[in-house]
Each structure stands twice: as structure tokens, then as C-alpha cells.
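Down below is the structure, laid out as C-alpha cells.
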Amino acid sequence: MSERFKEQGDWQGKMLSRMRKLIKEADPETVEEMKWKKPSNPAGVATWSHDGLICTGEMYRDHVKLTFAKGASLEDPAALFNQPGSVRRAIDIYEGDSINEPAFKKLVQAAVALNIQQKKKKKA
């Protein structure tokens, strides 16, 4: 998937490829897929899951967006989320922005832990 990102854009492809690497480092069991293909987005949307959706990654004209499916339920002490929401929250990254990589990995791990916890509750 990383090569696909690099083919799709300049700095955006590189950034999404970097974020993919961080997600996989944070949770090696993460499953990657391209979903929701349509004429306006033939490549689809990158998704990362572990016992439920963790986040999606998309390239827009001027930024990369990482949307966490249950972001509003996650603690964000490093204030990575810059797009609020009542369920989902997102991190918009613009050219030249940097990301707090350790904090991002902790956010991914928290999203995985929440998915696992909610899955266990459903089974109980």
C-alpha cells in the first residue's frame, strides 16, 4: 500500500506512507485495505482496522486527512486532533507540518484498545 501512496501524490503520498508506517509500528496486527472505490476516487480510501476500524487516510488537494472512527472517545493529550467531531475526529496535515510520532502511535494504540474493549463487551 505504501507504494500506492507514493504514486498518488508528491508530499501527500510520502506523508500518508509515513503515517501508514507509524500505524503498523504502533500495532503490527493492523489490517490495511482500500475501500469505498468510486469514479471520483478510483483508488479508494485507505483504511486500517483491528477488531474494528481504527482510522482512514485520504489525500485532498492541499492536505492529508487521518480520520479516527471513534476519535471523540479517545484521550488526546498531545492535541493531535485538529478537526472536531461528536464521534469521529481527524488530523489534517498540511505541507510542511510535522507530526508528534510517539503521540500518534499512542493514539493508534488507544483506538485499538477501545475496539478490543468494545468487542469484548458485545460478546459478554
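Among the residues of the stretch 77-124 satisfying the criterion of being among the basic types (Lys, Arg) and under 13 Å from the mean Cα position of the chain (by Cα), which is surrounded by the fewest Cβ atoms within 10 Å (Cβ to Cβ)? Before the answer, list the steps.
Taking the stretch 77-124 and keeping what is among the basic types (Lys, Arg), we get 88-89, 105-106, 119-123.
Adding the requirement that they be under 13 Å from the mean Cα position of the chain (by Cα) leaves 88-89, 105-106.
Details: ARG88: 18, ARG89: 23, LYS105: 15, LYS106: 18.
Per the stated criteria, the residue is LYS105.
Restricting attention to the stretch 34-46, which residues are more than 15 Å from THR67 (Cα to Cα) and either aliphatic (A, V, I, L, M) or modelled with pLDDT of 95 or more (or both)?
Matches in the stretch 34-46: ALA43 only.
Quick check on the stretch 34-70: of everything there that is of a type outside the set (A, V, I, L, M, F, W, C) and touching a Phe, Trp or Tyr at 6+ places or on another chain (Cβ under 8 Å), which residue is farthest from ILE116 (Cα to Cα)?
Pass one, the stretch 34-70, residues of a type outside the set (A, V, I, L, M, F, W, C): 35, 37-42, 44, 47, 49-52, 56-58, 60-63, 65, 67, 70.
Those still in the list that are touching a Phe, Trp or Tyr at 6+ places or on another chain (Cβ under 8 Å) too: 44, 56-57, 62-63.
Values: GLY44: 26, THR56: 18, GLY57: 21, ASP62: 34, HIS63: 30 Å.
Top of the filtered list is ASP62.
Report, by residue number, each residue of the stretch 28-52 that is surrounded by 18 or more Cβ atoms within 10 Å (Cβ to Cβ) and of a type outside the set (Phe, Trp, Tyr).
THR30, ALA46, THR47, SER49, HIS50
Can you tell me which residue within the stretch 53-62, out of those that are more than 15 Å from SER17 (Cβ to Cβ) and modelled with pLDDT under 95, is surrounded by the most Cβ atoms within 10 Å (Cβ to Cβ)?
Checked the stretch 53-62; the qualifying residue surrounded by the most Cβ atoms within 10 Å (Cβ to Cβ) is TYR60.
The values are calculated or read from the model by the stated rules, or taken from the named source; none is laboratory data. Not measured: the values here are computed from a predicted model. Cβ atoms come from the backbone with ideal geometry, glycine included; neighbour counts cover every protein chain shown.
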